[in-house]
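Engineer: Sharing a structure below in structure tokens format, with a few things to ask.
Values quoted throughout were computed directly from the atomic coordinates according to the rules given, and no laboratory measurement underlies them. Because the structure is a prediction, the values reported are computed rather than measured. Cβ sites come from the backbone with ideal geometry, for glycine too, and all protein chains shown count toward neighbours.
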Amino acid sequence: MDDGVKTLTTLMDYTTARQKVLSSNIANSDTPGYTAKEVDFSVFFDKARLKMVATSPMHYKTGTQPGHEGAVIDEDTLFWGDKNNVELDMEISKMTENGLLYQGATKLISTKYRLYKSAAKTTAQ
């Protein structure tokens, strides 16, 4: 699998995790004391960054790549009178954006696989 497919798959993992968090925010919009959550985008894409290659024993070693732990963070926004900071309009807007991002990633992966399939057919002939 090429790096583009891996990155798109990671993007789909991110949007899936974010969808769950945003759904939870909306479900708790009337819960007193609830703090809205968000998914930290950078945690998912640390693995997708270019890795340093040590070509000499004198090179520094790279650190371990983090997983998805710590990806959910509290949003830092103003709280309402009931100590709840969920803004329903913002959460719905974020869900729409997230859905479009997921849809775009799936279309790109689908296109890549169609290209691979076409190339395999051309090569086989």
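Engineer: How would segment 1-46 be classified by its alpha-carbon gyration tensor: rounded, prolate or oblate, with rounded meaning a/c under 1.5 and the a/b versus b/c comparison settling the rest?
Structural biologist: Details: a/c = 7.58, a/b = 2.97, b/c = 2.55.
Prolate shape, in that a/c is at least 1.5 and a/b is the bigger ratio.
Engineer: For Val86, Val5, what ranking results if the residue with the fewest other Cβ atoms within 10 Å of its Cβ goes first?
Structural biologist: Values: Val86 22, Val5 14.
Ordered by Cβ neighbours within 10 Å, fewest first: Val5, Val86.
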